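Note sheet for the following structure.
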Amino acid sequence: MTNHYDVIETRKPAEREADLFSRLPGVLRKAMTAPAYAERLKGINPAGIASRTALARLPVLRKSDLPALHRASPPFGGFVSGHPGSFGRLFTSPGPIFEPEPVHADPWRGARALFAAGFRPSDVVLNTFSYHLTPGGFIFDASARALGCAVIPAGPGNTEAQFELIEAYRPVGYSGTPDFLKILLDAAAGAGRDISSIKRALVSGAAFPKSLQEEIKSRGIDAYQAFGTADLGLIAFETPAREGMVVNEDLILEIVRPGTGDPVSEGDVGEIVVTSLDPHHPWIRLALGDLTAALPGPSPCGRSNMRIKGWMGRADQTTKVKGMFVRPEQVAEIGKRHPELGRLRLVVTRAGETDVMTLRAEAKAQDEALREALTETLRSVTKLSGSVELVPIGAVPNDGKVIVDER
């Protein structure tokens, strides 16, 4: 059996570049039929954008700006030319950011990431990403089915029901966050349930530190990481070479100096900017706020696309907690709902291989009713549970940081 999803994964880099940039002008023309892109790219001749140098002259669109843009011009901020009814599914993610799913096969480009992780046609896959409102569940569901796998749409939680499904269907693959995979393994061991059929996993949406990687491997599961977003789907993925992540096909990935659109020098750390070539929903220079650096040369696995080191932190203060983005705008919303508070700072840590967030809030007094109300507001705004620590006025540094990731 071939070790690659298709022949384009191993084509010469120059051939890939020529293909991508021959298609880009047509995608730009399609993008400019949407009013927001027409305004942003006013005066641009798409035919002249046929190289990385030319592309770098176009303005970046910051993902952190999308919530305000979507609120101002719902649902898609004017960046989508099609009517919502022309798409297959319609999602939201925290911000809010609204995402449409195109109707063609594998719209999130995930099949080749699953293939690189060892998934094959006719495999049964337990998909534990959420299917509720956000696109994560459907990203991996559609990708697995495009590969020819059967999918158990489990979603997260309810481990007892998941054990019954696993023992009945005997899935060989798992997709979900690494944290929930550990939860399943620990709960099964404690309950004497057999989930040993799971031999491989594609994980995303949360940190996968070395300690957890080694634990998962020691329990008989070969787990690979993928990097993606709710807007773009799967952007890059690990391969059996285990040397960085290979950028997905049909994407142009740039690494720029944070806060600019200027490409960094070769090997330098910078912010990921992605241009997608899906004419049904193109993105033009979407700056994700995630940091990475490029690795030199092709992957030892034979895939010839650009490689990145993986996720290396945030260019802004937005971070992920248990697979969900938490944004500075959300901390500001908490402050608006509790004007009696001083400065706020959300601190993200890990305990027992699980993400933990604590909101430090300046208050005039230790008020248990206020702490309880603030805990509920934190859950309501972020859709995640966290603890609240009330601190004296002036205890939170005046440095502009509202989210601090200490993982």
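A few comments on the model shown:
- The mean sequence separation of alpha-carbon pairs under 8 Å and at least six residues apart, normalised by the residue count of the chain, gives a relative contact order of 13 percent.
- Working note: Karplus 6.51/-1.76/1.60 with θ = phi - 60° gives the range 297-313 the couplings x, x, 6, x, 6, x, 6, 9, 6, 3, 10, 10, 6, x, 6, 10, x Hz, where Gly and Pro are set to x.
- Among (i) 22.4; (ii) 21.8; (iii) 23.2, the entry that matches Kirkwood radius over Cα pairs in Å as calculated here: (i)
- Cα-centred dipole magnitude for the chain, charges only on beta-carbon of K, R (+1) and D, E (-1), debye, nearest 20: 680
- Relative contact order, percent, the range 320-405 [alpha-carbon distance under 8 Å, six or more residues apart]: 35
- Remark: relative contact order (the range 1-160) = 17 percent; criterion is Cα-Cα distance under 8 angstrom and separation of 6 or more residues.
- Residues H83, H338 arranged by fewest to most Cβ contacts within 10 Å: H83, H338
- Furthest towards positive pole of dipole, S265, A142, I308, structure part the chain, Cβ charges: S265
- Placing +1 on the Cβ of every Lys and Arg and -1 on the Cβ of every Asp and Glu, with no other charges, gives the range 320-405 a dipole of roughly 240 debye about its Cα centre.
- Highest mean first, the peptides 281-287, 206-212 sorted by other C-beta atoms within 10 Å per residue fall in the order 281-287, 206-212.
- Of the trypsin sites (Lys or Arg not before Pro) in the range 1-95, the ones in a loop by DSSP (not H, G, I, E or B) with at most 13 other beta carbons within 10 Å are K42, R57.
- The range 263-387 - charge dipole about Cα centre, Lys and Arg +1 at Cβ, Asp and Glu -1, debye rounded to 20: 120
- Reachable lysines from K336, criterion Cα separation under 19 angstrom, eight or more residues apart if same chain: K364, K383, K401
- Selection from Y131, A187, S299 lying farthest towards where the dipole of the chain points positive, charges on Cβ: S299
- Listed residue pairs exceeding 31 Å between alpha carbons, taken from K199/K320; K12/K309; K30/K322: K30/K322
Every number here is computed from the coordinates shown, using simple stated rules; none is lab data. The model shown is predicted, which means the values in this text are computed figures rather than measured ones. Cβ atoms come from the backbone with ideal geometry, glycine included; neighbour counts cover every protein chain shown.
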